[in-house]
Amino acid sequence: MPNPPKRKRHTPTQIIEKLRQADAMLAADQSGGQVCQKLGVSEATLHRWRARYGGMKAEEARRLKELEVENGRLKKIVADLTLDKAMLEELNKGKW
């Protein structure tokens, strides 16, 4: 049984470039299926990219990605501190 193809991760800059190419191909009267095949992505992926990155410039997309990473890091810190606080409250009540 053959192995499925590995997923390729695209950078925000690559995504925006592919969206520009897709717009140009669609303006040249190519079908959505043809565009997706030439770009090497599914129609669902292209639709998701448009919803997320449509109208953005490469620098804006890069900044968005940086903010998402920072937001995840901060959420983890908040979760750790909340757990620490809960443990200290339990110790303070004398229920240990």
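Put simply, the amide H of Q30, placed in the peptide plane, has no neighbours under 5 Å, leaving out anything fewer than 5 places away on its chain.
Structure remark: mean-square fluctuation, Gaussian network model of the chain, C-alpha springs under 10 Å; the largest value among A51, A27, A79 belongs to A79.
Taking trypsin sites (Lys or Arg not before Pro) as exposed when DSSP calls them loop (any state but H, G, I, E, B) and at most 10 other Cβ atoms lie within 10 Å, what is the longest stretch of the chain free of them, the sites themselves excluded?
Values: sites that count: K6, R7, K8, R9, K95.
Segment 10-94 is the longest.
Estimated purely from DSSP H runs of n ≥ 4, each contributing -39500 (n - 2.57), the mean residue ellipticity at 222 nm for the chain is -25000 deg cm²/dmol once divided by its residues. In this structure, the pairs whose alpha-carbon distance is over 28 Å, taken from K8/K57; K8/K65; K38/K76; K65/K85, are K38/K76; K65/K85.
Tell me, what are the semi-axes, in whole angstrom and largest first, of the equivalent ellipsoid of the chain as set by the roots of 5 times the Cα gyration tensor eigenvalues? Don't skip to the answer; put the middle values down first.
On the way: eigenvalues 398, 63, 20 Å².
Value: 45, 18, 10 Å, ordered largest first.
Hey, fewest Cβ within 10 Å first, where do I16, I77 land in order?
Details: I16 22, I77 10.
Lowest count first: I77, I16.
Of the DSSP H helices in the chain, those with a Cα length along their own long axis of 27 Å or more and a mean Kyte-Doolittle hydropathy reaching -1.0 comprise 58-93.
Any read-out appearing in this document is the output of simple, stated calculations on the displayed coordinates, not a laboratory observation. All of these numbers come straight from a predicted model, not from anything done at the bench. Note: ideal-geometry Cβ built from the backbone for every residue, glycine included; neighbour counts use all protein chains shown.
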